[in-house]
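The values are calculated or read from the model by the stated rules, or taken from the named source; none is laboratory data. Computed from a prediction, not measured in an experiment: that's the story for all the values here. Every residue, glycine as well, gets a Cβ built from its backbone with ideal geometry; the counts of neighbours run over all protein chains shown.
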Amino acid sequence: MTRLGQKKQLKRLPAPAHWPISRKSTKFTIRPRPGPHPKDSCIPIGILLREVMGYAHDMREIRKILTAGQVKVDGRTVKQAGFPLGVMDVITVESSGQNFRILPRTDGKLVPVPIQQDEAGFKVCRIQSKRMVKGGAVQLSLHDGRCLLLPKDHNPEDYRLLDSLKILVPDQHLVSKFPLEKGAHVIITRGKNVGIQGKVVQVEKRYGTFASIVTVEDLQGKKVQTALQYVFVVGSNKPEVTLISAGGAKE
């Protein structure tokens, strides 16, 4: 007989390298469910609660916490242990009153960064695509699976691919935008320079897959180059979100 559907389990050894988990403690781990982030750039919320934050010791405690509605992601209650979390997602733990934002470290691991309560009400999203829908409205598709209709008084030409938007969660109200241009504050989300933050020095557009290059000057004044698709704008003159303090280039 053949297997129907995807696998329901995942072994620890072949788990994605950006998961901050031990590989040999047990055989299996939590498999991410389909959701707003793909498998190669997400981490299940159950792994975060058990192996990173320490709120739970086993799967039974994870289910108990989630079933009680104590965890919210971007302002919405999540009850599945395999729900995928990605860059810039906001996690709120109701029982402790703590808030976190998912960000990449310089070793490539996705980790929760503590944030203040006033920062938990918004998130920064990157524009992945733009198209016109029925009725002549312009729809922006964001990096976390959201679709945002531009208000009619906004000029669609001002919103370009890979620009970032500051939106309120969970109502998705558009607050402001941060264009990917010289002087913008960015964080690198993939590649060998992952986790580095700094300001854009130059954007060199080329034709071809991952051919365009962005030069970023980190907090120590060192310059690194990365693919255009790996850069995530987090602010115009300064970052709008709390970032990991150590965000410099590797020696």
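In region 221-228, is there at least one residue being surrounded by fewer than 17 Cβ atoms within 10 Å (Cβ to Cβ), part of a loop (DSSP other than H, G, I, E, B) and either aliphatic (A, V, I, L, M) or not assigned by TED's automatic domain parsing to the domain that holds residue 140 (or both)?
Within region 221-228 (the criterion being surrounded by fewer than 17 Cβ atoms within 10 Å (Cβ to Cβ), part of a loop (DSSP other than H, G, I, E, B) and either aliphatic (A, V, I, L, M) or not assigned by TED's automatic domain parsing to the domain that holds residue 140 (or both)), the answer is yes, since at least one residue qualifies.
Which numbered condition in (1) in contact (Cβ under 8 Å) with a residue 40 or more places away in the chain; (2) closer than 21 Å to residue 77 by Cα is the only one that residue 172 fails?
(1)
I'd like the full set of residues that are closer than 29 Å to residue 150 by Cα, among the basic types (Lys, Arg) and surrounded by fewer than 17 Cβ atoms within 10 Å (Cβ to Cβ), limited to region 70-96.
Selection gives 76 alone.
Check 128, 139 and return the single one that is free of Cβ contacts under 8 Å to residues at least 12 places away in the same chain and either part of a strand (DSSP E or B) or among the aliphatic types (A, V, I, L, M) (or both).
Just a single option satisfies the conditions, and that option is 139.
With modelled with pLDDT of 95 or more, closer than 19 Å to residue 35 by Cβ and assigned to a strand (DSSP E or B) as the only criterion, which of 166, 123 stands out?
The unique qualifying residue is 123.
For (1) touching a Cys at 6+ places or on another chain (Cβ under 9 Å); (2) surrounded by fewer than 15 Cβ atoms within 10 Å (Cβ to Cβ), each residue gets a yes or a no:
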| site | (1), (2) |
| --- | --- |
| 152 | no, yes |
| 158 | no, yes |
| 166 | yes, no |
| 186 | no, no |
| 205 | no, yes |
| 211 | no, yes |
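Quick check on region 37-52: of everything there that is closer than 25 Å to residue 168 by Cα and among the aliphatic types (A, V, I, L, M), which residue is nearest to the chain's Cα centre (by Cα)?
Step by step, filter region 37-52, then rank; the result is 43.
What are the residues in region 97-121 that are in contact with a strand residue (DSSP E or B) (Cβ under 8 Å, 6 or more places away or on another chain) and either of a type in the set (Val, Ile, Thr) or surrounded by fewer than 19 Cβ atoms within 10 Å (Cβ to Cβ) (or both), if any?
Answer for region 97-121, where residues must be in contact with a strand residue (DSSP E or B) (Cβ under 8 Å, 6 or more places away or on another chain) and either of a type in the set (Val, Ile, Thr) or surrounded by fewer than 19 Cβ atoms within 10 Å (Cβ to Cβ) (or both): 98, 102, 105, 111, 113, 114, 115, 116, 117, 119, 121.
Would you please list the contacts, defined by Cβ atoms under 9 Å and residues six or more apart or on different chains, that run from a residue in region 28-41 that is of a type in the set (S, T, N, Q) to a residue that is modelled with pLDDT under 90 and surrounded by fewer than 17 Cβ atoms within 10 Å (Cβ to Cβ)?
Close Cβ pairs (under 9 Å, with a partner that is modelled with pLDDT under 90 and surrounded by fewer than 17 Cβ atoms within 10 Å (Cβ to Cβ)) amount to 29/9.
When residue 29 is evaluated against the numbered criteria (1) crowded, with 16+ Cβ neighbours inside 10 Å; (2) under 26 Å from residue 122 (Cα atoms), which criterion, by number, is the only one it fails?
Failing condition for residue 29: (2).
Of the residues that make up region 43-51, is at least one among the acidic types (Asp, Glu) and either in the same structural domain as residue 197 (by TED's automatic domain parsing) or surrounded by 17 or more Cβ atoms within 10 Å (Cβ to Cβ) (or both)?
Yes, the conditions are met somewhere in region 43-51.
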